[in-house]
Amino acid sequence: MTKKSTTKSDSHSDGLNKSTRATSAAQATSLENAAPVRLYIVRHAHAVAAEENPERPLSKRGRRQVKTLGAFLEESSAFRPGEIWHSPLARARETAQGLAQALDLDVPLVEITALESGADPQVIAPRLHALQTSVAIVGHEPHLSALASLLVTGASAPKAFILKKCSALALERDEAHWAVRWQVSPEILE
């Protein structure tokens, strides 16, 4: 009887050779060690009525909401954006400034017109998918709920999220998909 000779190949059952497996393992380790990209979606705090001031800055209640949210986020260490983007409207800008101050963040505050209330979420979504660092966005309803729904579910309607004034939603991206990390609303902080 003749013995069959078996030759060990440089590949395993996965079809990859040692060099390819080593490169893939190094890339996977690099991705695992990279900080996750987070998107913090914040609806502006309570604003004064348009009849009182057409600019609609934050009200006394709104400033208190921002301080309360900021204190909670500071204590939890759950909010660490590299930039804070906000709509051009006073109430969103003031909410962004208040959060940066409450959290003692030295990060750029960037005005983004695509964060206005009536903006199409499809306009800003590609920019968010391309993020390489965590960013907070401060804007308005119904835009933010539609945007969060689009990022998580792939469709802006029906809305999968309710964002009350001065609430925050954290999403985390893994490659091409966004997932919910946490959400906090002002009524649970008061």
Task: Projected area, mean over directions - segment 146-190, Cα convex hull, nm² - done: 3.2
Task: FRET efficiency, 1/(1 + (r/R0)^6) with R0 25 Å, evaluated for L189 and N53 via beta carbons - done: 0.45
Open item on the list: Considering the Cα positions of segment 53-96, please state its Rg to one decimal place and its Dmax as a whole number of Å.
Closed with: 11.8, 36
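FYI, it's all coordinate maths here, none of it is from the lab. Since the model is a prediction, treat every value here as computed from it, not as a measurement. All Cβ positions, even for glycine, are placed from backbone atoms using ideal geometry, and neighbour counts span all protein chains on display.
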